[in-house]
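Student: Take a look at this one; I'll ask things after.
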Amino acid sequence: MLVIGLMSGTSYDAIDAAAAGLSLVGDSVVLEPLGMLSTPYDEELREALAAALPPAATTLAEVCRLDTLIGQAFAAAAVRANDELCGGRAELVASHGQTVYHWVEGGAVRGTLQLGQPAWIAEATGLPVVADFRPRDIAAGGQGAPLVSLVDLLWLRGRPGTPVALNLGGIANLTAPDGTAFDTGPACALIDAAARGFSGGRLDHDAEGALAARGTVHEPLLERLLSEPYYALPAPKTTGKELFHLGYLQDALAGLGTLPAEDVIATLTLLTARTVANALRPLAPTEVIASGGGTRNPVLMTLLATELPGVPVRTSDDLGLPSPAKEAYAFAVLGFLTAHGLPGTIPTSTGARHPSVLGSMTPGPPTVERGPVRLVLG
């Protein structure tokens, strides 16, 4: 089956589309990567999305508008991926959508909201669409994340030692061979927020770690940030920009005087490396296989390696799975499993009571030209 996976992470900078040939062979899923393309959000849409995200207030009218506009943007990315990567032969689209809120109370996830109405994707592509992956796991008592953990476990099974998969997106999450999986805290979320805040919106991230490389870690700020209670919570646990946003950083900076942007970003980069390493260390990894946008920050990757002496830190590219496309490929796999009625979760990863078939299906075009013409009461 030819499947297109669509993903936009918590950095909400672009929609990633990955095309995969997927099949079931015995007890294995065989994935043939067919390529990936990335479509940046239109600047106006990106600004509207940023303005509606927590801790900002919004309206139901704006949520409705964003759901439509994001759905249309995802639809355009799917059409492009089908044309350019699948030769027009795709059979299914799996769309993660854009997470705008993850409702957590007392360590339990109560709900989650991903926007990007799948009907627009189905209409534009003429293909069935699996979307809204996370709520089913939450309904079964799980965290609804990290959902890529099942794909990580399938992919790394049989590898020697204790390989741990690590995703460095806006939020960092990991998956260990025993099924332990959780969000460790921010990866790029606070770094991006600082870059955007200090530059007045001119920058949206620290490209190649250039700002962090010029800065000096501010130890009082680092100590204050490390006292965040989330880091001490037991797994399974999830978090997002509902917690780690610009306002959170501004609160942490209060009373510390005026710090150079480079020093703040250097401190945040070390915060990410240290909190990730602190989460990894109890798992005794023999290797860490990283993916996501954070892998393109050499300062972050160097600091992470320094925090984990003796543990090789490599990227998923080294194992044949392109790092920027890994999550899009993961949702292609999850959509494929859903289409075959197969579970897409592992309870040890999300904390759910049982495995679940994920998502909701939006059908493609009708299989007949004309439906029933009357209703008869029996």
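Student: Taking a label point 7 Å from the Cα of residue 354 along the Cα→Cβ vector, which residues of region 120-164 have an amide N closer than 17 Å to it?
Tutor: Counting backbone N atoms under 17 Å from the label point, the list is 136-143.
Student: While we're looking at this one, here's another question. What fraction of the Cα pairs in the chain, stated in percent, has a spacing above 26 angstrom?
Tutor: Working: 36123 of 71253 pairs.
The share of Cα pairs beyond 26 Å in the chain comes to 51 percent.
Student: Can you compute the modelled spin-label distance between residue 375 and residue 242, with each label point 7 Å from Cα toward Cβ, in nm?
Tutor: Going from the residue 375 label point to the residue 242 one covers 3.9 nm.
Student: Using θ = phi - 60° and the Karplus form 6.51 cos²θ - 1.76 cosθ + 1.60, what ³J(HN,Hα) does each residue of region 68-75 get, whole Hz, x for Gly and Pro?
Tutor: 3J(HN,Hα) across region 68-75, in whole Hz: 6, 5, 5, x, 5, 5, 5, 4.
Student: Same structure again: Which value does Rg/Rh take for region 157-241 over its C-alpha atoms, Rh per Kirkwood?
Tutor: My calculation puts Rg/Rh at 1.05.
Student: Next up: Which of the three applies to region 209-280, rounded, prolate or oblate, going by the alpha-carbon gyration tensor with a ≥ b ≥ c and a/c under 1.5 meaning rounded?
Tutor: It is prolate, given that a/c is not under 1.5 and a/b is the larger ratio.
Student: With +1 on each Lys and Arg Cβ and -1 on each Asp and Glu Cβ, how big is the dipole of the chain about its Cα centre, in debye rounded to the nearest 20?
Tutor: Using Cβ point charges on Lys, Arg, Asp and Glu, the chain gives about 740 debye.
Student: Mind listing the long-range amide H neighbours of residue 111? Cut-off is under 5 Å, sequence gap 5 or more, other chains count too, H placed in the peptide plane at 1.01 Å from N.
Tutor: Answer set, sorted by chain and number: 103.
Student: Under the 0.36 nm per residue contour assumption, what length would be gained going from the current alpha-carbon distance of residue 91 and residue 59 to full extension?
Tutor: 7.9 nm is the gain from fully extending residue 91 to residue 59.
Student: What net charge is computed for the residues neighbouring residue 114, neighbours being all others with C-beta under 10 Å from the C-beta of residue 114, Lys and Arg scored +1, Asp and Glu -1?
Tutor: -1
Student: Same structure, new question: Give me the net charge of residue 362's neighbourhood, meaning all other residues with Cβ under 13 Å from the Cβ of residue 362; Lys, Arg count +1, Asp, Glu -1.
Tutor: Surrounding charge for residue 362 is -2.
Student: Which residues does a label at residue 159 reach in region 251-283, if reach means a backbone N under 16 Å from a point 7 Å past the Cα toward the Cβ?
Tutor: 280-281, 283
Student: Long-range amide H contacts for residue 14: which residues qualify at under 5 Å (H placed 1.01 Å from N, peptide plane, sequence gap of 5 or more or a different chain)?
Tutor: It is 9, 41, by chain and number.
Student: Taking only protein heavy atoms into account and a 1.4 Å probe, give the accessible area per residue of region 179-324 in Å².
Tutor: 41
Student: Step by step: find N for region 249-344, compute 2.2 N^0.38 Å, then divide the Cα radius of gyration by it. What's the final number?
Tutor: For region 249-344, the normalised Cα radius of gyration comes out at 1.40.
Student: Okay, next question. For the chain, what does the relative contact order come out to in percent, with C-alpha contacts under 8 Å and a separation of six or more?
Tutor: 22
Student: Give a residue-ordered list of calculated ³J(HN,Hα) values for region 15-29 (Karplus: 6.51 cos²θ - 1.76 cosθ + 1.60, θ = phi - 60°; whole Hz; x for Gly, Pro).
Tutor: 9, 9, 10, 10, 9, 9, x, 10, 8, 9, 10, x, 9, 10, 9
Student: Within a Cβ distance under 14 Å of residue 175, other residues only, what is the Lys/Arg minus Asp/Glu net charge? Provide the component values of the computation, followed by the final result.
Tutor: Numbers: positive: 157, 159, 237, 326; negative: 152, 178, 183, 287, 327.
Within the 14 Å Cβ shell, the charges total -1.
Student: Multiply the residue separation of residue 256 and residue 232 by 0.36 nm, subtract the distance between their alpha-carbon atoms, and state the gained length in nm to one decimal.
Tutor: Fully extending the segment from residue 256 to residue 232 adds 6.2 nm.
Student: Evaluate the Debye formula for region 121-266 with equal point scatterers sitting on the alpha carbons, no solvent, and hand back log10 of I(q)/I(0) at q = 0.13, 0.14 Å⁻¹, in q order, two decimals.
Tutor: With one equal scatterer per Cα and no solvent, log10 I(q)/I(0) is -0.75, -0.84.
Student: Taking the convex hull of the Cα atoms, report for region 1-80 its projected area averaged over all directions, in nm². Let's see the in-between values first.
Tutor: Values: hull surface 26.8 nm².
Mean shadow area of the hull around the Cα atoms is 6.7 nm².
Student: Karplus couplings for region 102-117 from phi (6.51 cos²θ - 1.76 cosθ + 1.60, θ = phi - 60°), rounded to Hz, Gly and Pro as x?
Tutor: 10, 8, 10, 9, x, x, 9, 8, 9, x, 8, 9, 10, 9, x, 3
Student: Then there is this: Once amide H atoms are built 1.01 Å from N in the peptide plane, which residues 5 or more positions from residue 315, or in another chain, come under 5 Å H to H?
Tutor: 290
Student: Please report Rg over Rh for region 2-133, where both radii come from the alpha carbon positions and Rh follows the Kirkwood definition.
Tutor: 1.01
The values are calculated or read from the model by the stated rules, or taken from the named source; none is laboratory data. Source: prediction; values computed, not measured. Neighbour counts run over all protein chains shown; Cβ positions are idealised from the backbone, glycine included. Remember, those area values only see protein heavy atoms, side chains included, never the ligands or the DNA or RNA. Shrake-Rupley method; radii C 1.70, N 1.55, O 1.52, S 1.80 Å.
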